[in-house]
Each structure stands twice: as structure tokens, then as C-alpha cells.
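Student: Just dropping this structure here.
The values are calculated or read from the model by the stated rules, or taken from the named source; none is laboratory data. Because the structure is predicted, anything quoted here is derived from the model rather than measured. Here the Cβ positions follow ideal geometry from the backbone for every residue, glycine too, while neighbour counts run over all protein chains shown.
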Amino acid sequence: NIELQIIDKYSKINLVNNITDKKCIIIDDIIDSAATICNAAKILHENGAKSITAYVTHPVLSANSIVKIQESPLEKLIVTDTIPLNNNARQCSKIKQISVAKLLQLGK
């Protein structure tokens, strides 16, 4: 019973379904400045999301991204270890890094 929302960072964000009291998940391939994900989280929050978690493959996390994440309504940001986290990212309580090592071993 999952509804889908698609957010395109190049256009105005329009939600097509009611997300009030829903657990929302954002999925992206890369997070650099964190502007897109934090903006999406803000809009989801403003529209009544119960919780917001983001899953991202490659955590570049440059510039002020950690501050943006910390100040955003994101509950959790789950990232992989394709890029090592810097000290600020490791200390951010919202960020959790998971290993892709076992997944890559499956390709042997």
C-alpha cells in the first residue's frame, strides 16, 4: 500500500497524492550540497508528512551540506560507503552509513 511521489529538481515540486501522516522516503543517487533533498524534505514536512527518511548511494556532502541536513526536517539520511564520510558527516546524528561490501561480493 505504497503511494509514489516523483520530485524533479529542475521543476516546481508538485505533490500528486496526500501525504498527511505518511512515512515518506526520498531516494537519490548522489547528495552533494543537500539542497535538493532538504528542499524536498521541507515540502513533504509542510504538507503533513509523519516522518521523512532519505536513502542516497553516493554521499559527496560538500560545503554546508551537513548544516542543511541538521536543520532540515529529515529524520534520517542513510548513505552507502562508496565515498568515505568526513568528520562532520560522521558526527551528524541524522546520518547513518551502511556498507555495500557484501552487495559487491555477490557480483563475483
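Student: Scan 11, 99 and give me the residue that is loosely packed, with under 15 Cβ neighbours inside 10 Å, modelled with pLDDT of 95 or more and polar (S, T, N, Q). It would help to see each step written out before you state the result.
Tutor: Details: 11 fails: modelled with pLDDT of 95 or more.
Just one listed residue meets the conditions, 99.
Student: I'd like to verify a number: residues in region 93-105 that are in contact with a strand residue (DSSP E or B) (Cβ under 8 Å, 6 or more places away or on another chain) and over 16 Å from residue 29 (Cα atoms), how many? Lay out the reasoning, then the answer.
Tutor: Initial filter on region 93-105 (in contact with a strand residue (DSSP E or B) (Cβ under 8 Å, 6 or more places away or on another chain)): 94-100.
Subsequent filtering for residues that are over 16 Å from residue 29 (Cα atoms) retains 94.
Residues meeting the conditions: 1.
Yes/no per residue for (1) of a type in the set (S, T, N, Q); (2) touching a Ser or Thr at 6+ places or on another chain (Cβ under 9 Å); (3) closer than 25 Å to residue 103 by Cβ; (4) modelled with pLDDT under 95:
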residue	(1), (2), (3), (4)
33	yes, yes, no, no
45	no, yes, no, no
60	no, yes, yes, no
64	yes, yes, no, no
70	yes, yes, no, no
74	no, yes, yes, no
78	no, yes, yes, no
81	no, yes, yes, no
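Student: Still on this model: Assuming residue 21 fulfils every condition listed in (1) exposed (fewer than 14 other Cβ atoms within 10 Å of the Cβ); (2) in a strand (DSSP E or B) apart from one, which condition is it?
Tutor: (2)
Student: Restricted to region 24-46, and to residues that are in a loop (DSSP other than H, G, I, E, B) and small (Gly, Ala, Ser), which residue is surrounded by the fewest Cβ atoms within 10 Å (Cβ to Cβ)?
Tutor: The qualifying residue surrounded by the fewest Cβ atoms within 10 Å (Cβ to Cβ) is 33.
Student: Let me ask something else. Given (1) within 11 Å of the chain's Cα centre (by Cα); (2) β-branched (Val, Ile, Thr); (3) more than 25 Å from residue 87 (Cβ to Cβ), identify the lone condition not met by residue 6.
Tutor: Tallying (1) within 11 Å of the chain's Cα centre (by Cα); (2) β-branched (Val, Ile, Thr); (3) more than 25 Å from residue 87 (Cβ to Cβ), residue 6 fails exactly one: (1).
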